Amino acid sequence: MDQLGVSEPKLPRQVSAPHRLQESDIHVHELPKQYFLSKYYEVIDMASGRLTERLLNKDLQVLQAIEQLFTMDGKERDLIKMWLSLW
């Protein structure tokens, strides 16, 4: 790390709530690697949750149905065009 002029990672300062508001002890990481690994998993978990939420969104299902409508061919598409023209 000295070649790059970067020091080793250090644990951030531990901040806790006042004892009267806290019912249990806070978790303290022993090594910086443990701390940053837990942060890494937290970010991956958040990203995974947001993607799942976005993919299961009802708006996406509507868009997929519209896409299927435009990619149809043959009699189904002609029937839908006729139905839409009457509407």
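The values are calculated or read from the model by the stated rules, or taken from the named source; none is laboratory data. Small disclaimer: the values here were computed from a predicted structure and weren't measured. All Cβ positions, glycine included, derive from the backbone under ideal geometry; neighbour counts span all protein chains shown.
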Review point. Exactly one of (1) part of a helix (DSSP H, G or I); (2) of a type in the set (D, E, K, R); (3) out of contact with any Phe, Trp or Tyr (no Cβ under 9 Å at 6 or more places or on another chain) is unmet by residue 77. Its number?
Key: (3)
Review point. Right, residue 47: part of a helix (DSSP H, G or I) and among the small types (Gly, Ala, Ser) or not?
Key: yes
Check your understanding: In this structure, is residue 53 assigned to a helix (DSSP H, G or I), exposed (fewer than 10 other Cβ atoms within 10 Å of the Cβ) and at pLDDT 80 or above?
Key -> yes
Review point. Which one is nearest to residue 37 (Cα to Cα) among residues in segment 4-21 that are in contact with a helix residue (DSSP H, G or I) (Cβ under 8 Å, 6 or more places away or on another chain) and of a type in the set (D, E, K, R)?
Key: 10
Exercise for review: Return the only residue of 70, 36 being assigned to a helix (DSSP H, G or I), among the aromatic types (Phe, Trp, Tyr), free of Cβ contacts under 8 Å to residues at least 40 places away in the same chain and farther than 30 Å from residue 9 by Cβ.
Suggested key: 70
Review point. Are any residues in segment 15-33 surrounded by 10 or more Cβ atoms within 10 Å (Cβ to Cβ) and either in a loop (DSSP other than H, G, I, E, B) or touching a Phe, Trp or Tyr at 6+ places or on another chain (Cβ under 7 Å) (or both), and if so, which ones?
Key: 16, 22, 28, 29, 31
